[in-house]
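A quick write-up on the structure given underneath.
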Amino acid sequence: MPKQLPIAMLGDPILRQPAQDVVDINDPKIQELIDDMIYTCQQVDGVGIAAPQVFRSLRLFIMASKPSARYPHAPLMEPMALINPVLEAALPASNNLELGWEGCLSIPGIRGRVQRYKSIDVSFLDRYGNRHERIFEGFLARIFEHELDHLHGLVFLDQIASHDIIVESEFQKLVALGKHLNP
Ligand code: NI
């Protein structure tokens, strides 16, 4: 049975540490970690979670996009583990940035407006060790970039101005007005 893992909160040094490559994907401990991270992400209603957020400094994260009140246009996907992921390129080279609101399981109660690439070319290994090269766009690109930052010891607050940071109750007012979709 997968178990719910404790989540590191901003201030914990593990969130600021660069993560290490996963060496042996078939290690039962890695497979168990993936199952536990997928379960944890679902239990806390997240759309992604990175291994450092569950106190494992490994280059591994889960993407689990699904539509919600916060993200009504989010694509529905089977939760997926991305191992040793790489952002190969942003596509196209110019005019490929978009502002959007983000939150983070490690930073409860805070939302921020973050500029991200709209369209990216990425590579990663899946949990069976198969290498994939994919294009992610929009919300999926945003999740990938947010989670990849965690593997570099970064959080979404690091790259935004303080006037783009708001508390959850103010964010909910924007959601009620549908204004969170057009920053
Ligand atoms: Ni996060």
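Rule-based calculations on the coordinates, nothing more; no lab input. All values reported here derive from a predicted model rather than from experimental measurement. Cβ sites come from the backbone with ideal geometry, for glycine too, and all protein chains shown count toward neighbours.
Values for this structure:
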quantity	calculated
Protection proxy ranking, peptides 48-54, 76-82, 131-137, average beta carbon neighbours within 10 Å, highest first	48-54, 76-82, 131-137
Between 0 and 90°, nearest 10: helix 28-43 axis offset from the chain longest Cα axis	20
For the chain: span of alpha carbons on each principal axis (Å, largest first)	47, 36, 29
Mean Cβ neighbour count within 10 Å, used as a protection proxy, ranking 138-150, 159-171 highest first	138-150, 159-171
Relative packing of 14-26, 108-120, which averages over residues the other C-beta atoms within 10 Å, highest first	108-120, 14-26
Cα-Cα over 30 Å, subset of K3/K173; K3/K118; K29/K118; K29/K66	K3/K173; K3/K118; K29/K118
Length gained when the stretch N26-S57 is fully extended (0.36 nm per residue, less Cα-Cα span)	9.4 nm
